[in-house]
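Below: the structure, in structure tokens.
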Amino acid sequence: LQLRFQQRLTRGFSALASYTWSKSIDDASNFFSSAGDPNFPQNSVNVAAERGRSNFDVAHRLSVSYSYAFQFRNYDGVLGTLLNGWESFGIVTLQTGRPFTVALLPEIDNSGTGRSILGFGANDRPNLVGNPELSNQTTFQWFNSAAFAFPAPGTFGNAGRNILEGPGFQNVNASLLKNTRLNERFNLQFRAEAFNRFNHPNFNLPDNFLGSPTFGRITSARDPRHIQFGLKLLF
């Protein structure tokens, strides 16, 4: 489902909003490896076990952008220089998390097939012995780590591919501009820009390797708020 709303420029204001509700299922999301997924089966004689959410699957995504030129009276002199030429721009992005796969540590070749030497993402999977989802997720325990166990040596785990979902993403970028005309040829522009304006913590995926001391825990996040200023001479 795709929805789109557009407010064309009216009295200095314009906006564009897009919403997507989707579901993508496959057994390999790319020809090459991506996002920790080698995109080839754990067990080559059981490709059906790879069926799951695509690596790029995001169920809900909302993006809203706007621009606004402040409509003040056309003052003259010093007052006009201070009040005229202000503009604001912004982008709001909200989306649910991407799926990920729980696996054994890369150095653990539990199946004895040598897959682990093929590089990042080519890991054996564990057995699923309980409900892996939690109703009260925290950064210290994003999923139920007790729901996974090591399979018997020489066997493949029965845990599916991309059965868990990582943290969502919420971000607001905003800017404020002031254009000051110096003369017919030169224009001075002041810019104040804020990325992740409200300093919302956007966490990365949790540690998904069974056998790791931080298994199930989120240990990193994306960039915090960043503010920058700029001065540009246009001619």
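Here the chain has 57 percent of its accessible surface on carbon and sulfur atoms, given a 1.4 Å probe and all protein chains in place. Taking trypsin sites (Lys or Arg not before Pro) in DSSP loop conformation with at most 11 other Cβ atoms inside 10 Å as exposed sites, the chain has its longest uninterrupted site-free stretch at 74-184. Each Lys and Arg adds +1 at its Cβ and each Asp and Glu adds -1 at its Cβ; summed about the Cα centre, the chain shows a dipole of about 1100 debye. Accessible surface computed residue by residue for the chain, with neighbouring protein chains in place and a 1.4 Å probe, gives 61 Å² per residue.
In sequence order, the stretch 77-93 has phi-based couplings of x, 5, 5, x, 4, 7, 9, 8, x, 8, 9, 9, 9, x, 9, 10, 10 Hz under the Karplus curve 6.51 cos²θ - 1.76 cosθ + 1.60, θ = phi - 60°, and Gly or Pro positions carry x. The value of relative contact order for the chain, using C-alpha pairs under 8 Å at least six residues apart, is 17 percent.
Where is the GNM fluctuation largest for the chain (alpha-carbon springs, 10 angstrom cutoff): E87, E184, E193? Maximum among the listed residues: E184. Dividing the mean sequence gap of close Cα pairs (under 8 Å, 6+ apart) by how many residues the stretch 167-231 holds gives a relative contact order of 34 percent.
Segment D223..V45, full-extension length gain: 59.9 nm, with 0.36 nm per residue of separation and the alpha-carbon distance subtracted.
Full extension of the segment from T96 to L234, taken as 0.36 nm per residue of separation minus the current Cα-Cα distance, would add 45.6 nm. When log10 I(q)/I(0) by the Debye sum over Cα atoms at q = 0.09, 0.11, 0.13 Å⁻¹ is calculated for this entry, the matching label among (1) -0.34, -0.52, -0.73; (2) -0.56, -0.72, -0.86; (3) -0.44, -0.64, -0.86 is (2).
The values are calculated or read from the model by the stated rules, or taken from the named source; none is laboratory data. Quantities reported herein were computed from a predicted structural model and do not represent experimental measurements. All Cβ positions, glycine included, derive from the backbone under ideal geometry; neighbour counts span all protein chains shown. Side chains included, ligands, DNA and RNA excluded: accessible areas come from the protein's heavy atoms. Shrake-Rupley method; radii C 1.70, N 1.55, O 1.52, S 1.80 Å.
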